[in-house]
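Contents: one structure, followed by commentary.
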Amino acid sequence: MKIASFDDYRIGLVEGDQLYDVTAVVPFALDAMPQQRLNWLIANWGQVLPRLQACRQESKPQRLDGVRLLPANPHPSHVFAAPANYQKHIGELGDRVVTKGGRSAREQGFFLKAPGSLVGAGGTIYLPKGSTRRFDHESELAVIIGKAGRDVPRERAMEYVFGYSCLIDATMRIEPGIAEEERSMRKSFEGFTPLGPWIVTADEVSKPYGLTNRLWVNDELRQEASTADMIVGVAELIELISSVLPLTPGDVIATGTPEGVGPFVVGDKLRIAIQEIGEMSISVRERDMAAPRPY
Ligand code: MN
């Protein structure tokens, strides 16, 4: 199933270029906090599935291009992210990274991106007004967690995967010796975490370790690699994160970027496509407002 969040946090099933509104399966109590509907759906997936099918049958299809897609999960408790998780990416940015030589996600663990930086398909990455800094794209497979878990061994970790999505980990690079801000902040500007266009449930992804991941900037192919090249795989990432804190249904894991990372500027159009998951385009704009503290 392809599950999309759209308009005012409604939930839809995507089939081809059609969308079926199934928001009615979520309790009315959640109308008071609609951004939590998807977390509820994921947490209650097993028991809600029969009603979801019935709701889909009763729902009239609408055109997918007539709705505004939100982040595949608009309000996850956590957005975990793996640094340095593809061999060919390690080293390609020279001294513009904070990763110590040769260390991968296995040694470094995870970092966090702010959930407030999420944006959906067709959305916008906002660069700080007047910035002269370098901003890069990172094309990543996102994992959506299906159930609560703590100390999950890698042998059982895939039971905790609800589905997958496409994620762009947009990043402001450090200027060595001049400005070396914390990684989480540099990756959490408004719109810096496009996630979408939807969640594909795990049962429909035949080989999460062998998916082609591509990213274009203005139709120029910049990144093309297989998730098979990941150093720390999905199962080991779940083991690693759940060794630190409890996983929550709806949590997002950005699994790291392959090689080909490079800059984008105001006016660019980014497009990410991951095999068996989907594709989406994202605009890059400059903010209208000058922030009181510029970057
Ligand atoms: Mn990344």
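The values are calculated or read from the model by the stated rules, or taken from the named source; none is laboratory data. Since the model is a prediction, treat every value here as computed from it, not as a measurement. Note: ideal-geometry Cβ built from the backbone for every residue, glycine included; neighbour counts use all protein chains shown. Just the protein is used for accessible areas: all its heavy atoms, side chains included, with ligands, DNA and RNA removed. Shrake-Rupley method; radii C 1.70, N 1.55, O 1.52, S 1.80 Å.
Table for the structure above
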quantity: Where only C-alpha atoms are counted, convex hull volume of the range 117-210 per residue in Å³; calculated: 141
quantity: Under the Karplus curve 6.51 cos²θ - 1.76 cosθ + 1.60, θ = phi - 60°, whole-Hz ³J(HN,Hα) for the range 118-134, x wherever Gly or Pro sits; calculated: 6, 8, x, 4, x, x, 10, 8, 9, 8, x, 4, x, 6, 10, 6, 9
quantity: Helix 45-58 vs. the chain, principal-axis angle (Cα, 0 to 90°, nearest 10); calculated: 70
quantity: ³J(HN,Hα), Karplus 6.51/-1.76/1.60, whole Hz, each residue of the range 246-259, x for Gly, Pro; calculated: x, 7, 10, x, x, 4, 10, 10, 7, 8, x, 10, x, 5
quantity: Rel. contact order, % - alpha carbon contacts under 8 angstrom, at least six apart, the range 41-179; calculated: 25
quantity: Pair residue 248, residue 59: separation of 7 Å Cα→Cβ label points (nm); calculated: 2.5
quantity: Accessible carbon and sulfur surface of the chain relative to its total accessible area, %, 1.4 Å; calculated: 50
quantity: Within the chain, longest stretch clear of exposed trypsin sites (Lys or Arg not before Pro) (DSSP loop, no more than 14 other Cβ within 10 Å); calculated: 151-295
quantity: Cut-off 11 Å between beta-carbons: net charge of the residues surrounding residue 155, Lys and Arg +1, Asp and Glu -1; calculated: -1
quantity: For the chain: accessible area per residue (Å², 1.4 Å); calculated: 43
quantity: Reachable aspartates and glutamates, given that their alpha-carbon falls under 18 Å from the alpha-carbon of residue 88 and they are not under 8 places away in the same chain; calculated: 107, 136, 138, 140, 169, 224, 229, 259
quantity: Compactness of the range 184-295 - radius of gyration and Dmax, Cα, Å; calculated: 16.1, 48
quantity: Semi-axis lengths (Å, descending) of the ellipsoid that matches the C-alpha gyration tensor of the chain; calculated: 30, 22, 17
quantity: In Hz, Karplus ³J(HN,Hα) per residue of the range 176-191 (6.51, -1.76, 1.60; θ = phi - 60°; x = Gly, Pro); calculated: x, x, 10, 9, 10, 5, 4, 4, 4, 6, 5, 9, 10, 5, 4, x
quantity: Sequence-distant aspartates and glutamates (8 or more away, or on other chains) whose Cα lies within less than 19 Å of residue 60; calculated: 7, 8, 15, 17, 21
quantity: Accessible area (Å², 1.4 Å probe, nearest 10) - residue 31; calculated: 80
quantity: Span from the the range 26-71 Cα centroid across to the the range 242-290 one, whole angstrom; calculated: 24
quantity: Förster-model FRET efficiency, 41 Å R0, residue 206 and residue 24, C-beta, rounded to 0.05; calculated: 0.85
quantity: Cα pair distances of the range 1-118 binned at 10 Å [whole percent]; calculated: 12, 33, 23, 18, 12, 1
quantity: Residues of type lysines that residue 207 reaches as a straight line, Cα spacing below 20 Å, ignoring anything fewer than 8 places off in the same chain; calculated: 2
